[in-house]
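Below is one structure; the comments refer to it alone.
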Amino acid sequence: MGLEFLRFGAPVAFAALGESIGQRAGVLNIGLEGFMLMGAYVAFRVTGATGNPYLGLLAGVVAGVVLALIQGFLTIHNTADQVVVGTAVNLLALGLTNTLFRAQFGKSGELVRVPSLPTLFGPFDAGLILLGILVIALSLWLARSKWGLANRAVGEYPPAVQSAGLSVTRIRWQAALLAGAFAGLAGGG
């Protein structure tokens, strides 16, 4: 068993890391599981087609951003209920990936080997090392940068951000897209 729990928990940690950005900006995304699922499916297909796991990982990130665009359009732009939209995104991703997977592999599916990211330093794969670096970097960025302060202020008291001449909508979009990218990375990794 050893450190396997770290490897298996890393994808959820990537998604949670991204969601922490969105939460601070007042953007609730309960559809993270759907983002991860879509990121995993797209990364699987791209890696299988190209043989390049890094390209697959990038495709997973793009899939997460695309779902974030859909969710952001509905919740930030059109002010739809975030819980309802998050649930719908989860169901959309589940249904779409299930349908596409069954169309390709049939009812039972099959085990397919695709190239994976390399392992470094024994049981630590590249994803775990990247996660550690991102946790530290993101914590510092959110705590000490102007954008991090604005992001936090948008979630706590949006009128203060508006009075400072910043766009609440723009910051929320940026936070939502970053959260989507992290969730896509979680699925693709």
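Side notes on the structure shown:
- Annotation: residue 42 fulfils all but one of (1) more than 19 Å from the chain's Cα centre (by Cα); (2) over 23 Å from residue 150 (Cα atoms); (3) not aromatic (Phe, Trp, Tyr); the unmet one is (1).
- Options 9, 31, 56: the member that is surrounded by fewer than 18 Cβ atoms within 10 Å (Cβ to Cβ) and more than 20 Å from residue 167 (Cα to Cα): 9
- In region 57-76, the residues that are more than 13 Å from residue 38 (Cα to Cα) form Cβ pairs under 8 Å with partners that are of a type in the set (Phe, Trp, Tyr), at six or more places apart or across chains, as follows: 72/173; 76/173.
- Any hit, region 35-42, residues being crowded, with 18+ Cβ neighbours inside 10 Å and within 30 Å of residue 157 (Cβ to Cβ): yes
- Helices (runs of 4 or more DSSP H) wholly inside region 24-139 containing at least 1 residues that are modelled with pLDDT of 95 or more and in contact with a Lys or Arg (Cβ under 9 Å, 6 or more places away or on another chain): 53-72
The values are calculated or read from the model by the stated rules, or taken from the named source; none is laboratory data. Keep in mind that what you see is a predicted model, and the values were worked out from it rather than measured. Every residue, glycine among them, receives a Cβ derived from its backbone with ideal geometry; neighbour counts consider all protein chains shown.
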